[in-house]
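Encoded as structure tokens, the structure appears first; notes follow it.
The values are calculated or read from the model by the stated rules, or taken from the named source; none is laboratory data. Keep in mind it's a predicted model, so treat the numbers as computed, not measured. Neighbour counts are summed over all protein chains in view; Cβ atoms, including those assigned to glycine, are modelled from backbone coordinates with ideal geometry.
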Amino acid sequence: MTANATLPVRLWDRLLHWLLDARRASSGLALMRIGFGTMTVIILAMYLPNFSYSFGAGSRWGEALFRNSAANDYLWPLPALFSREDPDGLLLAKILVLMAVAVVYALGWRMRIVSPLFVVLWLGFAVTNPVILNTGHYQTFRIFLLFLLLADTSRRWSLDARRRARQGAEDPALGWGKWQLPRWVPVLANNVAVILIGYQLCVIYITSALWKLQGSTWVSGVAAYYPLQLEELTLFPALNHLAWQLTPAVYVASWLSVYGQLLFPLLLLTRWTRVVGLVLVTGMHASIGILLALPWFSLMMILGDMIFIRDRSWDQAIAWVRNRWGTSRRAAGSAAQSEDDRELVSVTPAPVAYSRE
């Protein structure tokens with residue numbers, strides 16, 4: 001058999017190895033779980049002072065828009081979980097329950113139950129005001145949550161992981177009683193979720209870049225230059241004032257954002273180009289979140305990008321931080337001990353010589 005004939009076989013073997021032999025992106029998925037749960041709690045807490053005008057009895061102002069939204073087309077019982085017909089007291093209680101579930105979701109406790117419960121509650125809550133909760137980044141948020149149902153998001157940095165470590169069940173079987181799924185089924189589901197999330201991110205980046213290339217506003221830097229001066233999109237006025245005055249930097253950043261997004265799937269093909277691609281898109285989202293007042297969208301995309309960082313890289317980074325932290329602690333302890341020794345010497349009285357007269 002020739003080398004060319006064996007190439008498809010080798011590629012197929014590598015694909016099966018990637019899909020079936022081990023769970024991928026466990027650290028990135030854990031960060032998505034922690035980030036999404038925490039984001040939900042903070043966002044809902046920000047709406048609480050005016051929740052009636054946004055989601056409750058006081059939200060009648062948007063009734064015409066609500067009726068035209070596809071969010072009301074969810075299958076039963078999702079639209080029945082939250083309703084604008086509920087009294088504000090009942091709606092507030094439901095929101096608090098959703099916040100509590102989001103906290104448990106972020107902590108990673110009993111995720112086989114909590115994960116689908118959180119998704120169902122959030123989808124039901126989204127029906128209350130599609131004007132707010134049916135925007136672009138909330139749609140992406142819902143898509144990611146659905147993909148995460150397939151993944152083992154609690155394998156790292158979770159209460160479930162701590163419980164498994166104590167019980168010695170690193171990879172517990174799935175099933176009921178004697179009916180157990182083969183080990184490769186949850187592994188495959190986890191890795192399919194990673195592929196779906198990565199695919200969704202690539203679609204977002206490519207389509208965004210193609211839209212930006214339709215015209216000259218992004219290529220010339222105008223699309224970034226003028227929004228930096230809008231008061232509605234300003235979190236830190238002094239920082240925005242400084243940024244838009246650096247015209248060459250705005251121009252270069254515009255080009256990097258467009259072509260970084262357009263070429264992002266190709267940059268993922270090798271390790272070092274992947275680092276470049278992640279730096280570009282992470283820097284772009286951080287800039288958007290800080291300079292254009294879109295923190296939740298930016299954070300959600302950054303969390304999604306974390307699946308492209310290998311678990312080995314996360315382990316190395318954590319080991320490096322722990323080593324540095326331990327070295328700093330030991331150095332501080334040695335310095336404190338030396339200082340104590342010097343103080344002890346300084347306060348110890350000198351021996352007294354007695355005469356024998």
Check: Taking the stated definitions as given, is A286 out of contact with any helix residue (DSSP H, G or I) (no Cβ under 6 Å at 6 or more places or on another chain) and within 21 Å of I43 (Cβ to Cβ)?
Finding: yes
Next item on the list: Check segment 190-201 and report whether any residue there is surrounded by fewer than 14 Cβ atoms within 10 Å (Cβ to Cβ) and without any contact (Cβ under 8 Å) to a residue 60 or more places away in the chain.
Entry: yes
Check: What is the residue count in segment 210-224 for residues that are surrounded by 14 or more Cβ atoms within 10 Å (Cβ to Cβ), assigned to a helix (DSSP H, G or I) and within 29 Å of the chain's Cα centre (by Cα)?
Finding: 3
Margin query: Among the numbered criteria (1) at pLDDT below 95; (2) surrounded by fewer than 19 Cβ atoms within 10 Å (Cβ to Cβ), which one does V119 miss?
Written below: (1)
Next item on the list: Report the residue count in segment 306-338 for those that are polar (S, T, N, Q) and either under 26 Å from G37 (Cβ atoms) or modelled with pLDDT of 85 or more (or both).
Entry: 3
Item checked: Answer from A100, A80 - the residue that is surrounded by fewer than 13 Cβ atoms within 10 Å (Cβ to Cβ), part of a helix (DSSP H, G or I) and touching a residue at least 12 places away in the same chain (Cβ under 8 Å) -> A80
Next item on the list: Return yes or no: is R142 surrounded by 15 or more Cβ atoms within 10 Å (Cβ to Cβ), in contact (Cβ under 8 Å) with a residue 12 or more places away in the chain and part of a loop (DSSP other than H, G, I, E, B)?
Entry: no
Note to self: Pull out all pairs, ordered by first then second residue, where Cβ-Cβ is under 7 Å, the residues are six or more apart or on different chains, the first lies in segment 214-235 and is more than 13 Å from P248 (Cα to Cα) and without any contact (Cβ under 8 Å) to a residue 40 or more places away in the chain, and the second is of a type in the set (F, W, Y) and not in a loop (DSSP other than H, G, I, E, B).
What the structure shows: Q229/W244
Check: Tell me, which helices (runs of 4 or more DSSP H) lie completely within segment 1-68 with 3 or more residues that are at pLDDT 90 or above?
Finding: 3-20, 26-47
Notebook entry, point to check: Do you know which of the residues in segment 257-278 that are out of contact with any Gly (no Cβ under 7 Å at 6 or more places or on another chain) and surrounded by 16 or more Cβ atoms within 10 Å (Cβ to Cβ) is farthest from W218 (Cα to Cα)?
Noted result: R274
Item checked: Where L303 falls short, out of the listed (1) exposed (fewer than 10 other Cβ atoms within 10 Å of the Cβ); (2) among the aliphatic types (A, V, I, L, M); (3) at pLDDT 85 or above -> (1)
